[in-house]
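The values are calculated or read from the model by the stated rules, or taken from the named source; none is laboratory data. Model, not experiment: these values are computed from the prediction. Cβ placement follows ideal geometry from the backbone for every residue including glycine, while neighbour counts extend to all protein chains displayed. These accessible areas exclude ligands, DNA and RNA; they are computed on the full protein's heavy atoms, side chains included. Shrake-Rupley method; radii C 1.70, N 1.55, O 1.52, S 1.80 Å.
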Amino acid sequence: MIISLSSGCLETPQATPAAINENALLAYGWSQVSIEENSFEQTITDSTSIALNSTTVKYHNDRLSEDISKQVSDFEESNNLPLSISIPENLSAQIITYRLSLPSGAKLPTGLVSRIMETMIDEIKDDGEVENLQETTTRNLTLADGTETMVKIFSAAGNSTDSGMRMLGFVTAFENEDTSTIIMGLVPDGEYRIEVWPINDTLFSIDGESELDEMLELVSTIE
């Protein structure tokens with residue numbers, strides 16, 4: 001829905017979701033978990049404002065969650081544990097896409113994308129229980145429509161460091177004439193260890209680098 005603004009405001013189309021190809025989601029075992037549309041106002045000059053419409057889509061790696069559950073189940077069985085081991089529910093991979101729609105001919109306010117990215121990073125920190133994010137490298141990625149974008153790769157420590165796992169993630173942003181798109185992802189990496197006497201062993205492991213490559217393959221299908 002386009003919000004109603006004062007005189008001098010330009011009309012804005014609804015932001016088309018930055019959607020991952022459904023066949024790719026199915027092939028890699030991912031699913032869309034939510035889609036949210038919002039509208040807000042941005043002042044350009046004393047007499048002019050623009051309505052900015054956004055659409056956020058969140059995706060979850062069901063296949064990885066099932067793989068973790070199987071590894072945990074196998075561990076419990078091999079160690080003859082009488083009780084099930086509880087692991088964090090959000091310990092899987094996720095991708096968030098955010099698309100901002102602008103009025104035709106309007107320019108994105110300076111710094112707005114950066115502020116949005118910071119907000120998304122804060123959210124993904126809260127959801128993934130991570131800290132100490134550090135950029136490690138960059139990659140170039142070509143999207144389905146031929147757009148080339150630079151992807152920043154980062155690593156982070158988990159807030160619960162007892163498990164020994166770290167987190168890997170990425171962020172990228174690109175623009176066309178009327179929209180700006182930001183995409184982020186996060187995945188656990190390494191071994192999740194359990195140290196409860198008399199057990200001191202790896203509960204499950206995740207090849208985060210391989211999962212990250214898969215996530216970028218999914219992102220490359222976005223138009």
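Does the range 58-108 hold any residues that are within 23 Å of R166 (Cα to Cα), open to solvent by less than 30 Å² (accessible area, probe 1.4 Å), at pLDDT below 90 and aliphatic (A, V, I, L, M), and which are they?
V72, L91
For the range 119-132, state whether one or more residues are open to solvent by 30 Å² or more (accessible area, probe 1.4 Å), of a type in the set (D, E), modelled with pLDDT under 75 and in contact with a helix residue (DSSP H, G or I) (Cβ under 9 Å, 6 or more places away or on another chain). Break it down into steps so the answer makes sense when it comes.
First, the residues of the range 119-132 that are open to solvent by 30 Å² or more (accessible area, probe 1.4 Å): 119, 121-123, 125-127, 129, 131-132.
Going one step further and asking which of them are of a type in the set (D, E), we end up with 122-123, 126-127, 129, 131.
Going one step further and asking which of them are modelled with pLDDT under 75, we end up with 122-123, 126-127, 129, 131.
Filter once more, so that each one left must be in contact with a helix residue (DSSP H, G or I) (Cβ under 9 Å, 6 or more places away or on another chain): 131.
Yes.
Which of the residues belonging to the range 166-180 are farther than 13 Å from M215 by Cβ and either under 15 Å from the mean Cα position of the chain (by Cα) or part of a strand (DSSP E or B) (or both)?
Matches in the range 166-180: R166, A173, F174, E175, T179, S180.
Every residue in the range 17-52 that is open to solvent by 60 Å² or more (accessible area, probe 1.4 Å), among the aliphatic types (A, V, I, L, M) and in contact (Cβ under 8 Å) with a residue 12 or more places away in the chain, please.
Taking the range 17-52 first, the residues open to solvent by 60 Å² or more (accessible area, probe 1.4 Å) are 21-23, 26-28, 32-33, 35-38, 40-41, 43-47.
In the following step, the residues that additionally are among the aliphatic types (A, V, I, L, M) were identified as 26-27, 33, 35, 44.
V33, I35, I44, listed by residue number.
Could you check T55 against (1) at pLDDT 80 or above; (2) open to solvent by less than 30 Å² (accessible area, probe 1.4 Å); (3) farther than 17 Å from A19 by Cβ; (4) not in a helix (DSSP H, G or I) and say which number it fails?
With respect to (1) at pLDDT 80 or above; (2) open to solvent by less than 30 Å² (accessible area, probe 1.4 Å); (3) farther than 17 Å from A19 by Cβ; (4) not in a helix (DSSP H, G or I), T55 is out only on (3).
I'm trying to understand the selection: among the residues of the range 149-165, which are at pLDDT 85 or above, within 14 Å of L133 (Cα to Cα) and buried (at least 17 other Cβ atoms within 10 Å of the Cβ)?
If the condition is that a residue be at pLDDT 85 or above, within 14 Å of L133 (Cα to Cα) and buried (at least 17 other Cβ atoms within 10 Å of the Cβ), then I153, F154, S155 are the ones that fit.
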